[in-house]
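This report refers to the structure that appears directly beneath it.
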Amino acid sequence: MTLSARIAARLASSVMIALLASEAKAEGPGPLRQAALSAELYARGVADEDPLLILAAAQLRKSVDMQPLEPAPEGAAPAFAPLGWEAMIATAVTLTDAGDPLRDVAEDITAQSWKGVIHGPVYRIGALEGGAETRLPDLLFRGGEYAEVYAEAEPGLDLNITILDSEGREVCADTDPTHVAYCGWTPAADGSFTLVIVNSGTRDTGFALMTN
C-alpha cells in the first residue's frame, strides 16, 4: 500500500470510528449509557472479528473514563474492574495485520485526551455466586431528573438488574442475557429505590456498579 493510500485509508477509518462513536452517544443521555454501549459495541466487534467496531468501542469507553470508588493498593491487582479501553485496543490490534491503517488509528485513539475532564463516573465493586442475587435498598434519586444504574460483569456472563420503587413495584429492568445491564428512567418525585442484581449464570463473578 502506498503512503497516500495508507493516509486515505487511515482518514476513512478515523471518520468511520468517529461516526460509530457519535451514533452510540446519541442513543443515551448519560455517561452510564455510554459505558453500556461501549461494552455492547465491543462484544459485537469481538463476535464479528471486526477491529473497526472494537476501536469505536475503545474510543467511546475512553471518553467515559470510569474510576474506582476505592482504588486498589499500590502494586495490587483490583478484585474486578470493567474492561478498559486499553484492553479493547489490544484486542483490535490482534485482528489486524502489519501495515493495516487501523493500527495507526489505534495509536491515534491512545494519544487522544479530553481537556478539562477530571474523571468520569465512579464504580464500586461487588461479587455474586452463580445463580445468586443481591439487593441494594435506599438508593435515592431526584424527581424529574434522569436516573441511571449500570452494572458490568465479565464478558460471557449473564448479569441482570431490576429497579423497584418504595412500594416494591418494578420501574425498570434489564434482563437481556449479556454481561452488562443498564436502567434509565425519570422518577416522578424524589424517592427511595431498591436495586436487585442477579447473576443468572452458573459461574461466580465480580461486577462493577455505577449510579448517577
By residue number, the members of region 125-183 that are touching a helix residue (DSSP H, G or I) at 6+ places or on another chain (Cβ under 8 Å) and in a loop (DSSP other than H, G, I, E, B) are PRO155, THR178, HIS179
Considering region 162-188, residues that are more than 15 Å from the chain's Cα centre (by Cα) and among the β-branched types (Val, Ile, Thr), and then whichever is nearest to GLU133 (Cα to Cα), we arrive at THR162
Looking across region 73-91 at residues that are assigned to a helix (DSSP H, G or I), buried (at least 17 other Cβ atoms within 10 Å of the Cβ) and not polar (S, T, N, Q), the single one that is modelled with the lowest pLDDT is TRP85
> Hey, does region 135-154 have a residue that's among the β-branched types (Val, Ile, Thr) and either surrounded by 18 or more Cβ atoms within 10 Å (Cβ to Cβ) or assigned by TED's automatic domain parsing to the domain that holds ALA43 (or both)?
Replying inline: yes
Flagged pairs (Cβ under 9 angstrom, 6 or more apart or on separate chains; first in region 178-193, surrounded by fewer than 21 Cβ atoms within 10 Å (Cβ to Cβ); second of a type in the set (Lys, Arg)) are GLY184/ARG33; PRO187/ARG142; ALA189/ARG142; ASP190/ARG142; GLY191/ARG142
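The values are calculated or read from the model by the stated rules, or taken from the named source; none is laboratory data. In this text, all values refer to a predicted model and were calculated from it rather than measured experimentally. Note that each Cβ is placed from the backbone with ideal geometry, even for glycine, and that neighbours are counted across all protein chains shown.
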